[in-house]
Amino acid sequence: MATQERYDLVILGSGSTAFAAAIRAKELGKTAVMTENRTLGGTCVNRGCLPSKNLIEAARLVYDAAHPRYPGLTPAHLGVDFPQLIAQKDEVIREYRDQHYESLVGEADEEVQRPIEVVPGRAVLVDPHTVEVTASDGTVRHLTGSQVLVATGSSPFIPAIPGLAETTFLTSDLLTSQEEMELTELPHSLLILGGGYIALELGQMFARFGTAVTIVTRGPSILFGYEPEIALTLIELLREEGLQIITGAQVRSVGRSGEGVALVARRYGSSRTFTAEKLLVAASRRPNTHDIGMERVGVVLDATGAVVVDEYLRTNVPPIWAAGDVIGHETESQMATPVGAHDGGIAASNALAGTNRRIDHTVIPRTIFTDPQVAVVGLTDEEANARGIVCQCNTIPLSVVPRAGAIRDTRGVIKMVLERPTRRVVGVSMLGVNAGEVIHEAAMALRFGATADDFIDMIHVYPTMAEALKIAAISFTKDVSKLSCCAS
């Protein structure tokens, strides 16, 4: 017999969005409970951001040791013990999860307030206020909430390719910890299906560890939707490192080939077969809205399966709210951990305190952790034009940035998009060293409506990669290849 329990806020999920909402609920003096069918903390800490960046940095150390940029440094070969690398990655995950997730649940405060709770099991909405959770042992609990937040995140999208269902393949879940799909042995060769950030980050990582990597994508280039100057420069750099990148390929079938896999693709009118020890499907991600009762309670989903929400993160069913990856690109959102964490708190405040705070996804900086990094914020040239913005754009190589020259790493470009005639900056894209750090200055500038002149007038530390922003702004009116030190 199912037990019935009541809360102010019932949350489907236990990732960054869910935790942000639960913490905000507790701050408001309300009761909150989360549900989790896998591991506490969701995708980012367990099988996404944290483990991937841990291993990507290890791969960078291996590559840089073997390819020193400085004359006078002797290349060094670092041995790679992949199982040991995986073990340390798992330990980092455990420590981080314990500190930032486990420690936040199950403890009452000094005022003996009811603690944040987590109920393990598969959660399904049975009515607008009730979530049914079935544990692995068959135990059923009914969690009733005055308000309900759907924060179930996203998962790898598996395309319908003939033979794929009968073939063993990997997804980005290979980065998980202590689960069956965790990859613990380094493959000799790897086929990657997809041309987005996951394919590129993991492709370069595995290649640097010594795996022969082939990336196959149907697009004419990698990174669909990014500035073409960024994509073209990055694909050249990755190919120089030895990655084989096949664009414009229509995958026809996948199947076994001896001890490995074979992928058949049609490209420019001819068929070609690619083989490898392992296949990684990194096509994209999809919101986790399947089989959680959304249709039963009448919550509207868009064509991608994302939950449709308004500017307050409300669904069409009054007591039900949604935030994080599960809303996909609704309200111009992005599938990213900090976006979910930001919006989870807003959803809880709106649901429990009636704050009626609107979400604003206008400025969301993003980074792809390839080496060099890709970082973007705001609109691309194409997006600005599509919105009717009369714009002016300029792209400069990082060879004109003093810091890049000083550290002998001039790989990359930076592109700035301005609105005419105000010269307001509406978009920045950068491929280069520390791009993920530099982009925050650009994001703050966009947030407050800065112009190119604001970048020029601001005194930047010399020499830093952030100077790339100032130099890009100067490039609209001057030849930046002929500037003296720190000149504007």
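The values are calculated or read from the model by the stated rules, or taken from the named source; none is laboratory data. Only a predicted model underlies this, so the values are computations on that prediction, with no experimental measurement involved. In this analysis, Cβ positions are derived from the backbone assuming ideal geometry, glycine residues included, and neighbour counts consider all displayed protein chains. Surface accessibility is based on the protein's heavy atoms, side chains included, excluding ligands, DNA and RNA. Shrake-Rupley method; radii C 1.70, N 1.55, O 1.52, S 1.80 Å.
Structure above, values below:
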item: Residue list for region 268-324, filter: over 30 Å from ARG358 (Cβ atoms) and β-branched (Val, Ile, Thr); result: THR273, THR275, VAL281
item: Selection from region 59-84 of residues that are out of contact with any Asp or Glu (no Cβ under 7 Å at 6 or more places or on another chain), in contact (Cβ under 8 Å) with a residue 40 or more places away in the chain and surrounded by 12 or more Cβ atoms within 10 Å (Cβ to Cβ); result: ALA59, VAL62, TYR63, VAL80
item: Single unsatisfied condition, THR43 versus (1) touching a residue at least 40 places away in the same chain (Cβ under 8 Å); (2) over 19 Å from the mean Cα position of the chain (by Cα); result: (2)
item: Hey, ALA306 touching a Gly at 6+ places or on another chain (Cβ under 9 Å) and more than 30 Å from HIS129 (Cα to Cα) or not; result: no
item: Single residue of region 336-361 satisfying the filter (modelled with pLDDT of 95 or more and either of a type in the set (Ser, Thr, Tyr) or touching a Pro at 6+ places or on another chain (Cβ under 6 Å) (or both)) that is surrounded by the most Cβ atoms within 10 Å (Cβ to Cβ); result: SER349
item: Strands (runs of 3 or more DSSP E) (entirely within region 195-261) containing at least 2 residues that are among the aliphatic types (A, V, I, L, M), exposed (fewer than 15 other Cβ atoms within 10 Å of the Cβ) and in contact with a His (Cβ under 6 Å, 6 or more places away or on another chain); result: none
item: The listed residue being touching a Lys or Arg at 6+ places or on another chain (Cβ under 9 Å), closer than 22 Å to GLY145 by Cβ and open to solvent by 10 Å² or more (accessible area, probe 1.4 Å), out of THR17, THR35, THR31, THR39; result: THR31
item: Segments classed as strands (runs of 3 or more DSSP E), wholly inside region 125-165, with at least 1 members that are within 30 Å of ARG256 (Cβ to Cβ), touching a residue at least 24 places away in the same chain (Cβ under 8 Å) and open to solvent by 20 Å² or more (accessible area, probe 1.4 Å); result: 154-156
item: Which listed residue, of GLY328, GLY388, is touching a residue at least 12 places away in the same chain (Cβ under 8 Å) and among the small types (Gly, Ala, Ser); result: GLY328
item: Enumeration of residues in region 171-210 that are closer than 19 Å to THR39 by Cα and touching a strand residue (DSSP E or B) at 6+ places or on another chain (Cβ under 6 Å); result: THR171, SER172
item: In region 286-302, the residues that are outside any loop (DSSP other than H, G, I, E, B), open to solvent by 50 Å² or more (accessible area, probe 1.4 Å) and within 26 Å of GLY195 (Cβ to Cβ); result: ARG286
item: Among (1) closer than 30 Å to THR315 by Cβ; (2) of a type in the set (Val, Ile, Thr); (3) at pLDDT 95 or above, the one test that VAL80 misses; result: (1)
item: Verdict on LYS53 being in a helix (DSSP H, G or I) and in contact (Cβ under 8 Å) with a residue 12 or more places away in the chain; result: yes
item: Members of region 265-285 found to be surrounded by 18 or more Cβ atoms within 10 Å (Cβ to Cβ) and assigned to a strand (DSSP E or B), listed by number; result: ALA265, PHE274, ALA276, LYS278, LEU279, LEU280, VAL281, ARG285
item: Search result, residues across region 429-488 that are of a type in the set (Val, Ile, Thr) and free of Cβ contacts under 8 Å to residues at least 60 places away in the same chain; result: THR451, ILE456, ILE459, VAL461, ILE474, THR477
item: Qualifying residue in region 117-126 (condition: modelled with pLDDT of 95 or more and at positive phi); result: yes
item: Qualifying residue in region 93-102 (condition: part of a helix (DSSP H, G or I), surrounded by 19 or more Cβ atoms within 10 Å (Cβ to Cβ) and of a type in the set (A, V, I, L, M, F, W, C)); result: yes
item: Residue under evaluation TYR70, criteria (1) among the hydroxyl-bearing types (Ser, Thr, Tyr); (2) in a helix (DSSP H, G or I); (3) within 30 Å of GLY405 (Cβ to Cβ), criterion not met; result: (2)
